[in-house]
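Data first, discussion second: the structure below is written as structure tokens.
The values are calculated or read from the model by the stated rules, or taken from the named source; none is laboratory data. For clarity, every value in this text was computed on a predicted model and none was experimentally measured. Quick reminder, even Gly has a Cβ in these numbers, built from the backbone with ideal geometry, and neighbours come from all protein chains shown.
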Amino acid sequence: DVQTSSYPPYNIEKIDDDSYRISVAVAGFSEADLNVEVRERSLIISAGKSEEEKKNFLHRGIASRSFEQRFQLADHVSVTGANHADGMLHIDLIRQVPEALKPKKINISGGSSYLPDAKDRVVETLAS
């Protein structure tokens, strides 16, 4: 019974300009129950509980059902690590835009638009 709804609850946090963290509430799941993978630019977090012995609950309010949660990764975003502690699964992401794709600032100089060397180069080209 794999769910693709809002279960389990999660947060997406911006750490700084190029770092992000997804935190998923996974109380009741051990590291062995959890699976994190990246496939075709999708981050897939899933969990499945191993079959537990039948228990006689008087009240069952803690969900322990299997789930699968998918996140589409933006261009140049990759997973740098995952940590499971205190019922939370934290997945760290970083955005690394290649230098060739980053915007470049062009300095604007003041004064005349006349380029002194350009006239000389045109004259030399015509003379040849």
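Some notes on this structure:
- Some residue of region 39-47 being in contact with a His (Cβ under 8 Å, 6 or more places away or on another chain) and on the phi < 0 side of the Ramachandran plot: no
- For region 63-110, a residue qualifies if it is assigned to a loop (DSSP other than H, G, I, E, B) and farther than 18 Å from D17 by Cβ, and the qualifying residues are A63, S64, R65, S66, D86, G87, I106, N107, I108, S109, G110.
- Considering residues of region 14-42 that are in contact with a Leu (Cβ under 6 Å, 6 or more places away or on another chain) and within 17 Å of L93 (Cα to Cα) only, the residue surrounded by the fewest Cβ atoms within 10 Å (Cβ to Cβ): R41
Let's see how each residue does on (1) at pLDDT below 80; (2) β-branched (V, I, T):
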{"position": "N83", "(1), (2)": "no, no"}
{"position": "Q96", "(1), (2)": "no, no"}
{"position": "I108", "(1), (2)": "no, yes"}
{"position": "E124", "(1), (2)": "yes, no"}
